[in-house]
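*Asks:* This is the structure I want to talk about, given as structure tokens.
The values are calculated or read from the model by the stated rules, or taken from the named source; none is laboratory data. For clarity, every value in this text was computed on a predicted model and none was experimentally measured. So basically every Cβ, Gly included, is an ideal-geometry build from the backbone, and we count neighbours across all protein chains shown. We work out accessible area using only protein heavy atoms, side chains counted, and drop any ligands, DNA or RNA first. Shrake-Rupley method; radii C 1.70, N 1.55, O 1.52, S 1.80 Å.
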Amino acid sequence: MAGKYLGQRLKRNEDPRLLTGQALFVDDVQLPGMLHAAFLRSDYAHAWIKSIDPSAARQHPGVVAVYTAADLGKIWKPGPLNVPPPSGIPGVVFNQRTQVPMAKDKVRHQGEAVAVVIAESRYIAEDAAAEIVVDYEPLEAVIDLEKALGEGSPLLYEDLGTNLASFVHQENGSYAEAAARADLIVKTHIVMERGTAAALENRGYVASWDNKSQSLTMWATTQGPIALRNGLATILGLSEHQIRVIAPFVGGGFGPKILLYQPEEIVVSWASLQLGRPVKWIEDRQENFGDTSQERRQIHEAEMALTRDGKILGVKDVFIHDTGAYNSYALTIPLNTQTHTTGPYKVANYLTEYRVVFTNRILVTPLRGAGRTYGTFVMERLMDKAAKRLGMDRTEIRRMNMIQPDEFPYKTGIVGQDFAKNVLDSGNYPAALDKAKEMIGYEAFLKEEQPRLRAEGKHVGLGISFFTEGSGVGPYEGARITVEASGKVNLSTGVGTQGQGHFTSFAQVAAEQLGVDPKNIFVTTGDTEAFHWGAGTFASRGATVAGSAVNAAALLVRQKILKMASKILEAPEEELELADGMVRVADIPSRCISLAELAVKANPSRGAVEPGTEPGLEATAYFGPPYGATAYGCCAMIVEVDPDTFNARIQRLVMAHDCGTVLNPMILEGQIHGGVGLGLGNSFFEKLEMDDNGQLQNASFMDYLIPRASDLPPIEIAHLHTPSPLNPLGIKGVGEAGAIPIPPAFVQAVEDALPEYNLEISEAPLSPNRLFQIVQAAKQA
Amino acid sequence: MSELVKVQVTVNGTRYEHTVEPRMLLVDFIRHELGLTGTHVGCEHGVCGTCTILLDGKPVRSCLLFAPQANGHEIRTIEGLGTMDNLHPIQEAFREAHGLQCGFCTPGVIMSVLPFVEQNANPTEEEVREALDGNLCRCTGYQNIVQAVQLASEMVASRKAEAR
Ligand code: FES
Ligand code: FES
């Protein structure tokens, strides 16, 4: 449903600032009298802190203060939960252990903050931090997920008596009953490993307490400025109106920047309050590897029961989820796994159960893909295995089990991250499968191309994988729109932006209703002073939820405009049109009034206004969906494996994708490209190598490789459009799409490229080295 | 603490003279001493390319140099290209092709490939990807950056031709 502005490929409003170095990022904030913080972090993954001696650091010239947990007084306590555990699932176990501002008696992961130095420069602060003496009593680290739950494992929390953080069991139908009547049961054991978000901008905060106005301003690399403000108010004992949080331009989010009440957020703002001076902390890359949350470590035991003609009777998936040292983000990720495992398929009997485990690693919070990635990997691997066993085409077995277009809304009965029973709202899954097959040339590749290449000695394979992306969850977002006396439009919303193009896409939504060029719509995001209600940018919800709120606010302003103009132009509202910043009588375009004039009239400086009217052409509106909208798609790729180096090169990658109504196709495609880039990193290079003592072995971009330009293929995208019935614009989210289906498609393609070994790959990432090992094992078998 | 040293540089045509600690990184000098915050820092260990500037016309990583090493040299940063109302063709091309999302990597990417763009009127995709390999971007999957660079090469070449 493209309109004049909506759905158009418009260039971005924010780009000139970003391209000329004029956009403000947190580290660009420079204030008079500003101090700099450096944290001393634990070298041990697990140890008692016997003593901390900061005296030498305190003497260091240029140091203003050194604080440890003991100095924090009343504000030292475990932070609030970011997300509560789910309601509505019987029997949930949830042992809450949230992050603390700095470690007190015990450190629970390498990189945990134990002290902070505040000094006149960052250089001095780091020098002095090295002079703090901490006496540790090292403990055995809990790293292995299965051993963590075993008898005699060391414990992160002695008082709990276990490393079990959570247990959740959900079942729809009866898997046991399905398995009893199955012709075939396929089983798999899946291991996925941790990676890191690696936003190019590290985290950072500048806090500035002003004694005269009794207020704190905080610039933060956060995806949730409003929630951060509210939480800080509680923690610091201030009133919400005393705190302004600004998330300016943020250099990539991808999930970890939605985590709230991070130790540095609290310590830096508290220090500014103590010292009455601005304090800045900017994370460095090495710190980022040890103190910014991560994701993607689960171990699954899964099975699927089928009839002999390939119909799925049931799925059972029992898994362990690594939450690291804390569980501040509760169960969002494993709940996403539970709801996304069955994906686009009809699974009448589905048992899904997990245990969440505390380990001596940095905590786990959502990272682009956020739990969906593993569920999809598990299911797609089971599908591949079943197809092989039944001698069926891998796309046919998928197609025959898909939810059909006339079966929506489709209820899976499993409670998801929004605590609602999962409902898939709309879609045409078989069409996306067909489209991806057509784009990659499925039949021709398998029948002609691949045999020909194999005859030439090339190891080329095809992978194809389907996915769903639950997106755009509640609770709500809001927006306020004001037509100024200049005729320009101001739009503010609470979500922050980390590159998603909100300055443009939101302007497009408003422009469509108001008939104003999006260039003349000035968007503010992520500033609690501009708008102070909202939840944040996560779960691919910005466009869907905040976009819908913008639409609702724009509609209200439109109504005000029409009502006023109708009186002035003496024409019924139905005969008026809004275009080019004017309201005109459609048939008599010379009878018109500009929005600028109307805005002035709506805010008279003298005289009486009609009782019951509000001044100004302004409206605020909110939008909250009943449940999340589900986008989906199908990804196919062709991979060539070098039989000597086991390096895999992706030759082609296609994606047929449906996220409902598109606000700006250029921005949408960019989101998919980026997601695919991350998905390929997760498939291939990206694994945090942790030794048994909890020491990270590859904490730099030299050793932890993220994809470079020459590692990635061009990505071909096709759009399908099934508008979501859950919001008036019909939008579904897209932020995580690219990251979800890539690992299963990749390993399937690798298997297909090396048929001689009959591989069954059940892990991601799959580095060349690891593939070599797997092939060697297969040769021996 | 060691003696302070004088650093005199020309940045985007303006001469600056500051007295700093010898260990101050060039990127910190540019960002915090000179206030030119368009140059960013993504890793401080020479891998991501975010801090790339031109030193005497050549792309270098300003996180791997100390400020005194730039003494007497010419520096060009992103602020020395176009302005918001009058973008340089390479900036225009990045906007046109949606070669940036969060924009954090962008100044470094642009400064890295500027000499390449000026010297290659019609580079292949492979050449462009290779030219970009010293810069990390986590948002774009590089696809639109590649297109932006190709477009920039064309635009720069056609401007040169017009000027002739
Ligand atoms: S900051 Fe200089 S290369 Fe990364
Ligand atoms: S645009 Fe965000 S890192 Fe490149």
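*Asks:* If packing is taken as the mean number of other Cβ atoms within 10 Å per residue, what is the order of A:388-399, A:346-357, highest first?
*Replies:* Values: A:388-399: 17.2, A:346-357: 21.7.
So the order, starting with the most tightly packed, is A:346-357, A:388-399.
*Asks:* Calculate the all-directions average of the projected area of the stretch A:267-363's alpha-carbon convex hull, and give it in nm².
*Replies:* On the way: hull surface 36.7 nm².
Result: 9.2 nm².
*Asks:* At a threshold of 8 angstrom on Cα-Cα distance, excluding pairs fewer than six apart, so keeping six or more, what relative contact order does the stretch A:474-623 reach in percent?
*Replies:* 33 percent
*Asks:* Let's test the formula: R0 of 45 Å, r as the Cβ-Cβ distance of A:GLU151 and A:LYS411. What FRET efficiency results, to the nearest 0.05?
*Replies:* Working: r = 41 Å, r/R0 = 0.91.
Between A:GLU151 and A:LYS411 the formula returns 0.65.
*Asks:* Rg and Dmax of the stretch B:5-80 over Cα atoms: what are they, in angstrom?
*Replies:* Reported Rg and Dmax, both Å: 10.9, 29.
*Asks:* How high is the relative contact order of chain B, given as a whole-number percent (alpha carbon pairs under 8 Å, six or more residues apart)?
*Replies:* It comes to 23 percent, rounded to a whole number.
*Asks:* Rounded, prolate or oblate: which one fits chain A, using the alpha carbon gyration tensor with axes a ≥ b ≥ c (rounded when a/c is under 1.5, else prolate when a/b beats b/c, else oblate)?
*Replies:* On the way: a/c = 1.85, a/b = 1.11, b/c = 1.67.
Because a/c hits 1.5 or more and a/b fails to exceed b/c, chain A counts as oblate.
*Asks:* Taking 0.36 nm per intervening residue step and subtracting the Cα-Cα distance, what contour gain separates A:ALA176 from A:GLN404 on full extension?
*Replies:* Details: separation 228, 0.36 × 228 = 82.08 nm, distance 2.59 nm.
My answer for the length gained is 79.5 nm.
*Asks:* What's the extension gain from A:THR307 to A:ALA485 if we count 0.36 nm per residue and subtract their Cα-Cα distance?
*Replies:* 57.2 nm
*Asks:* Turning to a different aspect of this structure: Could you check what % of the DSSP bridge pairs in the stretch A:31-393 are antiparallel, to the nearest 5?
*Replies:* Details: 58 of 75 bridges.
Roughly 75 percent of the DSSP beta bridges within the stretch A:31-393 come out antiparallel.
*Asks:* When you look at the Cβ of every residue in B:42-51, what mean number of other chain Cβ atoms sits within 10 Å?
*Replies:* On the way: counts 10, 10, 6, 6, 3, 8, 5, 3, 3, 0.
Whole-number average of other-chain Cβ neighbours for B:42-51 is 5.
*Asks:* On to the next question. Name the lysines eligible as straight-distance cross-link partners of A:LYS311: C-alpha to C-alpha under 19 Å, and not fewer than 8 places from it in the same chain.
*Replies:* Within reach: A:LYS187, A:LYS346, A:LYS385, A:LYS388, A:LYS411.
*Asks:* When the Cα centres of the stretch A:157-221 and the stretch A:417-441 are compared, how far apart do they sit, in Å?
*Replies:* Cα centroid to Cα centroid, the span is 24 Å.
*Asks:* Still on this structure: Among the residues of the stretch B:63-105, which ones have their accessible area go down by 20 Å² or more when all the protein chains sit together, as opposed to their chain alone (1.4 Å probe)?
*Replies:* Output list: B:ILE78, B:GLU79, B:MET84, B:LEU87, B:GLN91, B:ARG95, B:GLU96, B:HIS98, B:LEU100, B:GLN101, B:CYS102, B:PHE104.
*Asks:* While we're here: For the stretch A:123-248, give the share of DSSP beta bridges that are antiparallel, in percent and rounded to the nearest 5; count only bridges with both residues there.
*Replies:* Working: 6 of 10 bridges.
Close to 60 percent.
*Asks:* Next up: Residue by residue through A:667-679, how many Cβ atoms from other chains fall within 10 Å of the Cβ on average? Don't skip to the answer; put the middle values down first.
*Replies:* Working: counts 2, 0, 4, 9, 4, 2, 9, 10, 2, 2, 7, 3, 1.
Shielding by partners across A:667-679 averages 4.
*Asks:* Checking understanding here: applying a Kyte-Doolittle mean of at least 0.5 and a length along the axis of at least 15 Å (C-alpha), which whole DSSP H helices in chain A pass? Spell out each step's value before the answer.
*Replies:* Working: long enough: A:225-236 (16 Å, 1.11); A:263-275 (18 Å, 0.59); A:372-390 (27 Å, -0.49); A:429-440 (17 Å, -0.17); A:502-514 (17 Å, 0.29); A:547-569 (32 Å, 0.80); A:665-684 (28 Å, 0.54); A:742-753 (16 Å, 0.62); A:768-780 (18 Å, -0.39).
Qualifying helices, which must be both long enough and hydrophobic enough, are A:225-236, A:263-275, A:547-569, A:665-684, A:742-753.
*Asks:* In nm, give the distance between the simple-model label positions of A:GLN776 and A:HIS189, each being 7 Å from the Cα along the Cα-to-Cβ direction.
*Replies:* My value for the distance between the label points is 2.0 nm.
*Asks:* Something else now. Keeping every protein chain present and rolling a 1.4 Å probe, give me the accessible area per residue for chain B in Å².
*Replies:* Numbers: 6710 Å² over 164 residues.
Accessible area per residue: 41 Å².
*Asks:* Additional query: Given the pairs A:LYS257/A:LYS316; A:LYS280/A:LYS488; A:LYS104/A:LYS257, which are separated by over 29 angstrom at their Cα positions? Write down the numbers at each step before the final one.
*Replies:* Values: A:LYS257/A:LYS316 33 Å; A:LYS280/A:LYS488 35 Å; A:LYS104/A:LYS257 24 Å.
As for pairs spanning more than 29 Å Cα to Cα, those are A:LYS257/A:LYS316; A:LYS280/A:LYS488.
*Asks:* If R₀ is 22 angstrom, what is the calculated FRET efficiency for the pair B:TYR16 and A:GLN30, using the beta carbon separation as r and rounding to 0.05? Could you put the intermediate results ahead of the total?
*Replies:* On the way: r = 16 Å, r/R0 = 0.74.
After rounding, the FRET efficiency stands at 0.85.
*Asks:* May I ask you to derive the relative contact order of chain A, considering only C-alpha pairs under 8 Å and at least 6 residues apart, and to give it as an integer percent?
*Replies:* Details: 1930 pairs, mean separation 122.7, N = 781.
Computed value for chain A: 16 percent relative contact order.
*Asks:* Return the percentage of antiparallel bridges among DSSP beta bridges fully within the protein assembly as shown, rounded to the nearest 5 %.
*Replies:* Values: 121 of 154 bridges.
Just about 80 percent of them are antiparallel.
*Asks:* Now for a different question. About the Cα centre of the stretch A:474-623, how large is the charge dipole given +1 on each Lys and Arg Cβ and -1 on each Asp and Glu Cβ? Please answer in debye to the nearest 20. Let's see the in-between values first.
*Replies:* On the way: 12 positive and 17 negative charges, 40 e Å.
That gives the stretch A:474-623 a dipole magnitude of about 200 debye.
*Asks:* A follow-up question, please. In chain B, what percent of the accessible surface is made up of carbon and sulfur (1.4 Å probe, ligands and nucleic acids excluded)? Before the final figure, lay out each step's value.
*Replies:* Details: 3100 of 6710 Å².
Within chain B, the accessible surface is 46 percent carbon and sulfur.
*Asks:* Something else about it: Given a 1.4 angstrom probe, what's the average accessible area per residue across chain A, in square angstrom?
*Replies:* Numbers: 26950 Å² over 781 residues.
So chain A comes to 35 Å² accessible per residue, rounded to a whole number.
*Asks:* Taking all protein chains in place and a 1.4 Å probe, what share, in percent, of the accessible surface of the stretch A:31-393 do carbon and sulfur account for? Intermediate values should be presented prior to the final figure.
*Replies:* On the way: 5760 of 11430 Å².
Carbon with sulfur: 50 percent of the solvent-accessible area.
*Asks:* Here's a follow-up. Estimate the FRET efficiency between A:LYS601 and A:ASP703 by the formula 1/(1 + (r/R0)^6), using the beta-carbon distance for r and 60 Å for R0, to the nearest 0.05. Mind showing how you got there, number by number?
*Replies:* Working: r = 64 Å, r/R0 = 1.07.
Working from the Cβ atoms, E equals 0.40.
*Asks:* In peptide A:197-203, what is the residue-averaged number of other protein chain Cβ atoms found within 10 Å of each Cβ? Could the numbers behind the result be given before it?
*Replies:* Working: counts 1, 5, 5, 18, 9, 5, 0.
The shielding value for this peptide is 6.
*Asks:* Here is a further query. Between A:ARG452 and B:ASP133, with labels modelled 7 Å along Cα→Cβ, what's the label distance in nm to one decimal, could you check?
*Replies:* For the pair A:ARG452/B:ASP133, the computed spacing is 3.0 nm.
*Asks:* State, to one decimal in nm, how far the label point of A:ASP135 lies from the label point of A:SER215, with both points 7 Å from Cα in the Cβ direction.
*Replies:* The two pseudo-label positions are separated by 4.8 nm.
*Asks:* Still on this structure: Under a cut-off of 24 Å between alpha-carbon atoms, report the lysines in cross-link reach of A:LYS106, not counting same-chain residues fewer than 8 places apart.
*Replies:* A:LYS106 reaches A:LYS50, A:LYS74, A:LYS77, A:LYS147.
*Asks:* At 222 nm, what helix-only mean residue ellipticity would chain A give, in deg cm²/dmol to the nearest 500, using -39500 (n - 2.57) for each DSSP H run of four or more?
*Replies:* Details: 19 runs with 202 residues, N = 781.
Helix-only estimate at 222 nm: -7500 deg cm²/dmol.
*Asks:* Now for a different question. Ignoring ligands, DNA and RNA and using a 1.4 Å probe, state the total buried accessible area between A and B in Å², rounded to the nearest 100.
*Replies:* Numbers: alone 29180 and 9020 Å², together 33650 Å².
Rounded to the nearest hundred, the buried surface is 4500 Å².
*Asks:* Now a separate question. Helix-derived [θ] at 222 nm for chain B: sum -39500 (n - 2.57) over DSSP H runs of at least 4, divide by residue count, nearest 500?
*Replies:* Working: 4 runs with 50 residues, N = 164.
Computed ellipticity for chain B at 222 nm equals -9500 deg cm²/dmol.
*Asks:* Could you tell me whether the stretch A:31-393 comes out rounded, prolate or oblate from its Cα gyration tensor? Rule is a ≥ b ≥ c as square roots of the eigenvalues, rounded for a/c under 1.5, then prolate if a/b exceeds b/c, otherwise oblate.
*Replies:* Working: a/c = 2.63, a/b = 2.09, b/c = 1.25.
Prolate is the answer for the stretch A:31-393, as a/c is 1.5 or above and a/b outweighs b/c.
*Asks:* Could you order the peptides A:229-236, A:503-510, A:691-698 from most to least packed, using the average number of other C-beta atoms within 10 Å per residue? The partial results should precede the final answer.
*Replies:* Values: A:229-236: 19.4, A:503-510: 27.2, A:691-698: 15.6.
Top of the packing list down: A:503-510, A:229-236, A:691-698.
*Asks:* Which whole-angstrom value gives the distance between the alpha carbon centres of the stretch A:309-359 and the stretch A:677-706?
*Replies:* With the stretch A:309-359 and the stretch A:677-706 each reduced to a Cα centre, they are spaced 24 Å.
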